[in-house]
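> This is the structure, below, for whatever I ask next.
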Amino acid sequence: MVVKSTVEYQVGENVFQGVLCSPENPEKKKLPAVLVHHAFFGCTDFEVEKAEKLAELGYVAFAADVYGKGVRGTSREENFALMKPLIDDRSGELHSRLKAAFDYVAALDVVNADKIAAIGFCFGGLCVLDMARHQLPLKAVVSFHGTLSPLPGDESLENLATLQTAVCVLHGDADSHVNPQVETFMKEMRVRNADFFFTSYGSAKHGFMMPITNTFNAPGVGYDARTEKRAWEAMKNFLAENLS
């Protein structure tokens, strides 16, 4: 059984609202935890469902929120407008919001703070990769069809710190939006001496994990059920390896 609750946390004066999912734990054992970071829509039922599935696997899972309590767009355009200032300030405001979610989870009595991972979808994929780049003490991160570009200022790929976090990127080979970033990302991971692997799924497009993307009618974007299953299994194995 999964115990689910809506919780609030803060960054400065801003209030954020996430959903915490935990397996029944009558002995109050310390458990590994996984943060779930959302796509550009904000935290939706999709991310909460994924957090529930992770809790069924024995993790404390937290569907985090980087937009703010009640802050959601009603269209793709409005959601892109919410995301853009954070993309433009990845080492500032976005970093602060990502760290706040991590700190909230790490402080939970039921969580083993030495065994925390993060997964993310699209924009959320960028978020979890940035958490690793900012050296938040995560054991592992998994990016599903996420943006791969380096942090602003690091484009030269020189003098970059070694990553302490294991990295798994699950990418769609037909993702025309992210494909131009792949070569630079691979170079970055090598420069950072990262423990990483990169899987490119044939014919899969951007957003392959998310059924809603089939409604976009956008080139290079779309859900793929077979790839969704393969990628989720890859994530499960990666988390088990790094959080066991």
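> Go through the range 187-223 and give me each residue that's touching a Ser or Thr at 6+ places or on another chain (Cβ under 7 Å) and either under 18 Å from PHE46 (Cβ atoms) or part of a loop (DSSP other than H, G, I, E, B) (or both).
ARG192, ASN193, ALA204, GLY207, PHE208, PRO219, GLY220, VAL221, GLY222, TYR223
> I would also like to ask the following. Go through the range 68-109 and count every residue that is β-branched (Val, Ile, Thr), open to solvent by 20 Å² or more (accessible area, probe 1.4 Å) and touching a strand residue (DSSP E or B) at 6+ places or on another chain (Cβ under 6 Å).
Of the residues in the range 68-109, 0 are β-branched (Val, Ile, Thr), open to solvent by 20 Å² or more (accessible area, probe 1.4 Å) and touching a strand residue (DSSP E or B) at 6+ places or on another chain (Cβ under 6 Å).
> So, one more: Check off (1) open to solvent by less than 70 Å² (accessible area, probe 1.4 Å); (2) of a type outside the set (Asp, Glu); (3) within 21 Å of PRO137 (Cβ to Cβ); (4) in contact with a strand residue (DSSP E or B) (Cβ under 8 Å, 6 or more places away or on another chain) for ASN25 and give me the number that stays unchecked.
Tallying (1) open to solvent by less than 70 Å² (accessible area, probe 1.4 Å); (2) of a type outside the set (Asp, Glu); (3) within 21 Å of PRO137 (Cβ to Cβ); (4) in contact with a strand residue (DSSP E or B) (Cβ under 8 Å, 6 or more places away or on another chain), ASN25 fails exactly one: (3).
> Let me ask another. Which residue pairs have Cβ atoms under 8 Å apart, sit 6 or more places apart or on different chains, and have a first residue in the range 212-240 that is more than 15 Å from VAL142 (Cα to Cα) and touching a residue at least 12 places away in the same chain (Cβ under 8 Å) and a second that is assigned to a helix (DSSP H, G or I) and open to solvent by less than 60 Å² (accessible area, probe 1.4 Å)?
ILE212/PHE46; VAL221/THR213; GLY222/THR213; TYR223/THR213
> Looking at VAL142, is it of a type in the set (Val, Ile, Thr), in a helix (DSSP H, G or I) and within 16 Å of the chain's Cα centre (by Cα)?
no
> Here are some residues: VAL15, VAL7, VAL3. Which one is open to solvent by less than 30 Å² (accessible area, probe 1.4 Å), of a type in the set (A, V, I, L, M, F, W, C), part of a strand (DSSP E or B) and over 17 Å from CYS127 (Cα atoms)?
VAL7
> Right, here's the next one. Could you please give the count of residues in the range 123-167 that are touching a Phe, Trp or Tyr at 6+ places or on another chain (Cβ under 9 Å), of a type in the set (Gly, Ala, Ser) and open to solvent by 20 Å² or more (accessible area, probe 1.4 Å)?
Total meeting the criteria: 1.
The values are calculated or read from the model by the stated rules, or taken from the named source; none is laboratory data. Computed from a prediction, not measured in an experiment: that's the story for all the values here. Reconstructed Cβ throughout: ideal geometry from the backbone, glycine too, with neighbour counts over all protein chains shown. When the accessible area is computed, the model is the full protein with side chains, heavy atoms only, and any ligands, DNA or RNA have been set aside. Shrake-Rupley method; radii C 1.70, N 1.55, O 1.52, S 1.80 Å.
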